[in-house]
Amino acid sequence: MFILPSSLLIESLPGHFLYWLKWFIRQATGTCELQRICSNYKPGATRTTKAEYSLRSSKNKVLREALGTNKAKLEQCVDQIMKEKNVKPQKDPLFKESLHICLLQITGNSSLYISVEDLRKEVFNSENQEHEAMLLKLWDLLMPTVKLESRITKQWGDIGFQGDDPKTDFRGMGMLGLINLVFFSENYTEEARQVLSHANHPKLGYSYAIVGINLTEMAYSLLKSGALKPHFYNTVLGTPELRHFHQLYCYLAYEFDKFWVAEEPESIMQFNQYREKFHNIVKTHLQDPDVTLTVRSKN
């Protein structure tokens, strides 16, 4: 019986040894590395991460270039890979669909970053009716029983903005910050109002909107660094979209509030210290290959 060496052992070998070991395993099993990955691991982060590494480190140009393929051409790309690696559909009928999903996840992560970056660069414009409507919607979702006296008012401080006009607070994250705040308030209304009530606590309070925008920056930086890949690979069986990023933000907003209340900081002046501690907790979670960062409300 032929026993395959562990993937960690294989990946740690020098290049020339790795080439010959892969060749030997191919001869012994009759399958290529991508086939073994797709058949030996269930759909999710471990499978897709290993497939990504295999494609990126391949000597074959067709396999390497698959990582940058447009979504519309992915099916054709999979066919090319199967031809290059001599994979017969009748012998491995599940391989094509499995690899296709892996590529949707891998290339989708890059396209998601582009979409998120576009929103981050979009400046809040008070002359844009859609922007204004979204801002007013945020107020209505969070403060349904309180009427906003005017567009420019100190009331915005009640939901955690710094000045009389919230537009100045969106400079760092642009429309991405506002869209995340609205998404959380619209899709998790009870949770968002609960978080706001905690934020307005006389002793443990913090600026709800400002902290929310700060957490948008955290989500953005995690996406940019690639740290969110395991989460998306486990939760999205295909191409991750903007709504999946907004869902991730909701997790951060909800979990940070629980963390802040549990830690009981002496002052809001310690925010950066506790933010970094929370950031490290999230990054630790993301190192778990089975990670899924989703809102788990008690409501």
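What follows draws every value from the coordinates through simple rules; no lab data is involved. The structure presented is a predicted model; accordingly, all values stated were derived computationally and were not measured. Note that we place each Cβ from the backbone using ideal geometry, even for glycine, and neighbour counts take in every protein chain shown.
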inquiry  = Give me P(r) over the chain, computed from all C-alpha to C-alpha distances, binned every 5 Å, as integer percentages.
reply    = 1, 5, 11, 14, 14, 13, 10, 8, 7, 6, 5, 4, 2, 1, 0, 0
note = Heads up, the stretch 254-299 by the C-alpha gyration tensor (a ≥ b ≥ c square roots of eigenvalues; a/c under 1.5 rounded, else a/b over b/c prolate, else oblate) looks oblate
note = With +1 at each Lys and Arg Cβ and -1 at each Asp and Glu Cβ, the charge dipole magnitude of the stretch 161-219 around its Cα centre, to the nearest 20 debye, comes out at 140
query = Once amide H atoms are placed 1.01 Å from N in the peptide plane, what residues at a sequence separation of 5 or more from residue 162, or on another chain, have their amide H within under 5 Å of its amide H?
reply = none
inquiry  = Shape verdict for the stretch 126-212, please, from the Cα gyration tensor: rounded (a/c under 1.5), prolate (a/b greater than b/c) or oblate.
reply    = rounded
request  = Please report, in debye to the nearest 20, how large the charge dipole of the stretch 220-299 is about its Cα centre when each Lys and Arg carries +1 at its beta carbon and each Asp and Glu carries -1 there.
outcome  = 240
request  = Working from Cα positions, state the angle (0 to 90°, nearest 10) between the long axis of helix 15-29 and the longest principal axis of the chain.
outcome  = 70
note = So the angle from the long Cα axis of helix 95-121 to the longest Cα principal axis of the chain, reported in degrees to the nearest 10, equals 30
key: Cα-based reach from residue 85 at 25 Å (exclusive), listing lysines while leaving out same-chain residues under 8 positions away   = 22, 42, 50, 59, 61, 71, 73, 96
note = Protection proxy (average C-beta count within 10 Å per residue), highest first, orders 152-164, 207-219 as 207-219, 152-164
task = Considering Cα pairs under 8 angstrom that are at least six residues apart, work out the relative contact order of the stretch 187-284 and quote it in whole percent.
result = 34
ask   = So for the chain, taking the charge dipole from beta-carbon charges (+1 Lys/Arg, -1 Asp/Glu), which of 271, 238, 228 sits furthest toward the positive end?
value = 238
task = About the Cα centre of the chain, how large is the charge dipole given +1 on each Lys and Arg Cβ and -1 on each Asp and Glu Cβ? Please answer in debye to the nearest 20.
result = 1560
